[in-house]
Amino acid sequence: AMSAEPGGRGGGGPAGGPPAAPPGSDTYKGWLFKWTNYLKGYQRRWFVLSNGLLSYYRTQAEMAHTCRGTINLSTAHIDTEDSCNIVLSNGGRTYHLKANSEVERQRWVTALELAKAKAIRMRNNQSDDSGDEEPASQSDKSELHGPLKTLSSKLEDLSTCNELIAKHGAALQRSLSELENLRLPADSGEKIKAVNERATLFRITSNAMINACRDFLDLAESHSRKWQRLLQHEREQRIRLEETIEQLAKQHNSLERACRGAPGLATGSASSSSTAKGSVQSAKGEASDEDEETEYFDAMEDAPAFITVTADPKHHRRSGSNLSGASEGHPEDWNLEDSVFESSNQSSYNESMGKDLLPRKRRRTRIPDKPNYSLNLWSIMKNCIGKELSKIPMPVNFNEPLSMLQRLTEDLEYHELLDKAVKCESSTEQMCFVAAFSVSSYSTTVHRTAKPFNPLLGETYELDRLDELGFRSLCEQVSHHPPAAAHHVYSRRGWTLWQDITIASKFRGKYLSIMPLGAIHLEFHSSGNHYVWRKVTSTVHNIIVGKLWIDQSGEIEIVNHKSKDKCQLKFTPYSYFSRDVPRKVTGVVSDADGKAHYVMSGTWDEKMECSKIVHSSHGSTSTEGKQKTVYQTLSPKVLWRKYPLPDNAENMYFFSELALTLNEPEERVAPTDSRLRPDQRLMESGRWDEANVEKQRLEEKQRAVRRRREAEAVEALEEGKDYEGYIPLWFERKVDAVTGELICVYKGGYWEAKDKQDWSVCPDIF
């Protein structure tokens, strides 16, 4: 009666489910029965084998939020009791599992053994992305395993000698007892001879044992001294390596400063824009401040290569295309003069688009200046290499007075791009605006090297600009480990945006990688066009010494799931040897048939331009063997340009005009709103010492809630009840119909609760 469904089907009954991967792949899933206790016996659980870890859940839906247990296979012992049972033990943890059949049991055992072997190889050869650690060589392994094998052999010799001594000692004792009981002198000679023989054997065995002990002790002593020397040498090498890295970073810093200070070099590094025979990208006339402390990377070479050539606009007319949106005049002319994409025209655009909107409320334009506290970041983070950023305890000295929910809301700073996209009749033209919007969200990061506050579980943030700008936004922290936030934006101008973002981060010693996981969805109400894309990786450099600077790298693929249009955007990482403009972004907009219509170009910290393609052809093959496509385009139009920073921005954390207003106190917000977070408010006021104390109090309060929730989960498990864990307040978990992922989507109720000022469902998190 107790049997598990095969992991290959893994569905759990008639409902079925996705098939598990075959043994030998990176992931293997399925139902197994796990022994719980003598009262309940075996209970059905969903097991997932991935990356050398075997985790189990009560249901498949629990994979999104609650893991019941995990065992590391790299140090685990795998055993089989009978035809259907599997026993996994790792230290003090043991899993007794039962499969449906012997065949299914063998599938799991094969998958477990393969995963264990792979995990052991990864553990032995583990090295981080920065290449600071080298895998152990075969000579090092043999030098270590050789003495251990010899010592084990000597230990076995001692055990054998010990058994022989006990055996011969007992025989000698019996012989002596028999000798004492003898009465006939005739038998005494024979018995004494036997005693002598056994005594001789005992002496030989004892000598052998003593010699083996001496060999063992000599060998252990010599290798003990050797290991002590090796350990001391490794410690000295590590200290010397840290000092050397710091010295090299300082020398690199001073050399770059000296190089930039040399006459004639400042202007020679600037790139120049090409004309009819070059690219449409415009050059930056001066080096930016972030280039003072640089980390160099080779340019990405796996993206499709293309060249753009500007055509004479007099010989090309537009047919039925009006990318300029609200512009008047002659749409057939592709001229920069009639473009409405310049940011300076935002006010006139708002007048034409939003006559029904109320005048903008006057909001604050500055915050207290950032105090000048000196603190060495390396002294805190050198012991955190390889850890998740969200698990590193950091003082507020490295933060900015905004939470991650507010930083997520900053993506809406250039929301007018989406308002303009609503008016586009062509889906490919609309894609250009969506692509520019996806790039604009990175413009605020160029100077923002400080870390935002990690939101508490259940923390929310609203940005209600419905009467002023036509949209309202709501964010909620729906998971703490891993940190995940759900975001929903509704605009009365004809679009809705939502995203469920999980932040994965790794500190690698010299740099910090931040990888947002999750898809961003954008839907236009009138056309039904549904766009989906994902964010690129952000990297913070010069953690050890020097000026911190941020780079964005990777690719974004934006897909319109209704028309199947696509846009491939490439964020080129900074490279000292590249002649390209720093922070360069390029891309091509193509339709469902793969035909290219527009070329996107620009930088993620300044502007994005769009050029209409009038002709394409295949060019020469590059040195890497790739054939470049040559696009003949009309003159580019600016879709987006970054707003200038406010005055004194360098003393206000380099906040933009929108960022300065995000933490401005507002009435009638939920009690869980980030504006009400006390440590963040104290930091903004410049009271950092008090903010650090308050931050520790809030984190300990959250840990106490998590421990209570874990205790409730254990209690529910013992009682055989389902425990759902944390349930978001304003969002609910659903399987997305487009991506097939389990995401949090807005379920409604927040704005109604705000109108009624009924916040009874909100927890006390502050």
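The values are calculated or read from the model by the stated rules, or taken from the named source; none is laboratory data. What you see is a predicted model; the values in this text were computed from it and never measured. Cβ coordinates were reconstructed from backbone atoms using ideal geometry, including for glycine residues, and neighbour counts include every protein chain displayed. Ligands, DNA and RNA are stripped out before the accessible areas are found, and what is left, the full protein with its side chains, is counted by its heavy atoms. Shrake-Rupley method; radii C 1.70, N 1.55, O 1.52, S 1.80 Å.
Couple of notes before you dig in:
- For residue 616, the accessible surface of its heavy atoms amounts to roughly 60 Å² (probe 1.4 Å, protein chains only, rounded to the nearest 10).
- Cα gyration tensor, the stretch 625-766 - rounded (a/c under 1.5), prolate or oblate: oblate
- Pairs of lysine residues in the stretch 27-124 - Cα separation under 18 Å, sequence separation of 8 or more or cross-chain: 5
- FRET efficiency for residue 176 and residue 219, using Cβ-Cβ distance with R0 set to 22 Å, rounded to 0.05: 0.05
- Candidate residues 684, 425: accessible-area rank, largest first, probe 1.4 Å: 425, 684
- When only the Cβ of Lys, Arg, Asp and Glu is charged (+1, +1, -1, -1), the dipole of the stretch 377-662 relative to its Cα centre reaches about 1000 debye.
- Annotation for the stretch 547-575 versus the stretch 646-714: alpha-carbon center distance of 31 Å.
- Å² of accessible area per residue within the stretch 693-766, as computed with a 1.4 Å probe and no ligands counted: 63 Å²
- Per atom type, the stretch 545-617 shows carbon and sulfur on 47% of its accessible surface, probed at 1.4 Å.
- You can think of it this way: the chain between residue 78 and residue 752 has 237.1 nm of extra reach, that is 0.36 nm per residue less the Cα-Cα gap.
- Over the stretch 27-124, accessible surface divided per residue gives 48 Å², non-protein components excluded, 1.4 Å probe.
- Pairs spanning more than 18 Å between alpha-carbon atoms, out of 370/506; 451/510; 510/535; 584/607: 370/506; 510/535.
- For residue 673, nonlocal amide neighbours, meaning residues 5 or more places apart or on other chains whose placed amide H falls under 5 Å from its own, are 460.
- Cα gyration tensor shape of the stretch 423-501, rounded if a/c is under 1.5, else prolate or oblate by comparing a/b with b/c: prolate
- Rg of the Cα atoms in the stretch 525-677, relative to 2.2 N^0.38 Å, amounts to 1.36.
- Cα-based shape type of the stretch 377-662, given that a ≥ b ≥ c are square roots of the gyration tensor eigenvalues and the cut on a/c is 1.5: oblate
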